[in-house]
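> Just dropping this structure here.
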Amino acid sequence: MYKAILFDLDGTLTASGEGITKSVQYALSKMGIEEPDLQKLEGFVGPPLMEQFQRYAGFSEADARRAVEYYRERYATVGIYENYPYEGIEQLLGTLKERGYLLAVASSKPEYFVNQVLDYFRLTSYFDVIVGSEMNGCRTRKAEVIAEALRRLGFSNKRKQVIMVGDKEHDVYGAREEGLDCVAVSYGYGTQEELAQAEPLKIVSSVRELEDFFL
C-alpha cells in the first residue's frame, strides 16, 4: 500500500513546454545556433539541462554551463510563466490529500524555480516536501532528487510505500534506481515508445486515469 507519492513537475503537473523550449531556443541563439522548430527542442523538457545541451549541440561542459546561464536569462523572467497546470491536477492533488497520502514534488528543475511555479499556480500547499536540483548544477540526476525527497519525507527506509509519477523515461529509471515503482503519464513530453521501453508499473493517458489508479 502506497503512503507517499512523488510527482515530477514539467509534463506531469504542468504543461511547461512553451516556456522551456523558447528559453532553450534563446540560449542556443546566443551560442550561435538557430533552431526555428520548437518541437525539436521538446527533449529539453524534463531531463537536466546541462546534459541535454551537451547531447543536442555537442557542447563541452563549459559551453553547456554557459548555455544554461543564457537559458535562465529568459526563463527566470518570461519562460517560467509560459506554463499552466494540466486540467484536473489541482482536484487530483486535493483528493489525494483528503485520502491521507503524503505528496512531494521531485523535479530536476532547480528547486528555486520549482517553488516559484508551484506558488504561482497556488499548488504549494498540497505538498509536504518540494525537491529540485541546486542552481549550481548539483543534484540534477533524477535518482539523486528522489533520494533527497525520500530523506525529507522520512521514507528512506520505507521505499515500498512510495511511488513516483512522471512523464519521461528518466523518471522511470530514476525511480527504479532508488527502489521505487513508477507510474508514467503519456499526456506529457515523453513518447509512448520511450515509456514502453522503460517499463514503468503502469502507463496512464490522462489525469483522470491517474486518479483512478490511486483511488
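FYI, it's all coordinate maths here, none of it is from the lab. Since this is a predicted model, take the numbers as computed values, not measurements. Positions of Cβ are generated from backbone atoms using ideal geometry, with glycine treated the same way; all protein chains shown enter the neighbour counts.
> Given points 7 Å out from each Cα along the Cα-Cβ axis, report the Q116 to E87 separation in nanometres with one decimal.
2.9 nm
> Cα centroid distance between region 87-132 and region 147-182, in Å?
16 Å
> Follow-up question, since we're still on this one. Can you flag which of K97/K202; K109/K168; K40/K202; K3/K158; K142/K168; K3/K160 are past 20 Å Cα-Cα?
K97/K202; K40/K202
> Still on this structure, please answer the following. For the chain, what does the helix formula give at 222 nm: sum of -39500 (n - 2.57) over DSSP H segments with n ≥ 4, over the residue count, nearest 500 deg cm²/dmol?
When only DSSP H runs of four or more count, the value is -13000 deg cm²/dmol.
> For the chain, what is the percent of antiparallel DSSP beta bridges, rounded to the nearest 5?
If I count the DSSP bridges inside the chain, around 10 percent turn out antiparallel.
> Once the piece of chain linking E18 and K40 is laid out straight, how much longer is it, given 0.36 nm per residue of separation minus the C-alpha distance between them?
6.7 nm
> Can you tell me the dipole magnitude for the chain around its Cα centre, using point charges on the Cβ only (Lys, Arg +1; Asp, Glu -1), in Debye to the nearest 20?
Charge dipole of the chain: 660 debye, to the nearest 20.
> Let me ask something else. Remind me, what semi-axes does the chain give for its equivalent ellipsoid, largest first in whole Å, using sqrt of 5 times each Cα gyration tensor eigenvalue?
28, 17, 17
> Here's something else I'd like to know. Kindly provide the GluC sites (Glu not before Pro) of region 1-66 that DSSP labels as loop, not H, G, I, E or B, and whose Cβ sees at most 15 other Cβ atoms within 10 Å.
Those that pass, being in a loop and sparsely packed, are E34.
> What span do the alpha-carbon atoms of region 17-81 cover on each of the three principal axes, reported in whole Å from largest to smallest?
29, 22, 21
> Okay, moving on. Among L180, Q39, L195, whose Cα lies farthest out toward the positive end of the dipole of the chain, if unit charges sit on the beta carbon of Lys, Arg (+1) and Asp, Glu (-1)?
L180
> Once the convex hull of the C-alpha atoms of region 161-200 is built, how many Å³ does it hold per residue, rounded to a whole number?
Spelled out: Cα convex hull of region 161-200, divided by residues, is 47 Å³.
> If I fit a long axis through the Cα atoms of helix 17-30 and take the longest principal axis of the Cα atoms of the chain, what angle between them do I get, 0 to 90°, rounded to 10?
30 degrees
> How far is it, in nm, from the label point at T191 to the one at Y2 when both lie 7 Å from their Cα along the line to the Cβ?
Between T191 and Y2, the label points sit 2.6 nm apart.
> Would you mind counting up the charge near M1? Only other residues with Cβ under 14 Å from its Cβ, with Lys and Arg at +1 and Asp and Glu at -1.
Its environment carries a net charge of +4.
> How large is the dipole of region 17-81 about the Cα centre if only Lys and Arg carry +1 and Asp and Glu carry -1, each at its Cβ, rounded to the nearest 20 debye?
Dipole about the Cα centre, nearest 20: 140 debye.
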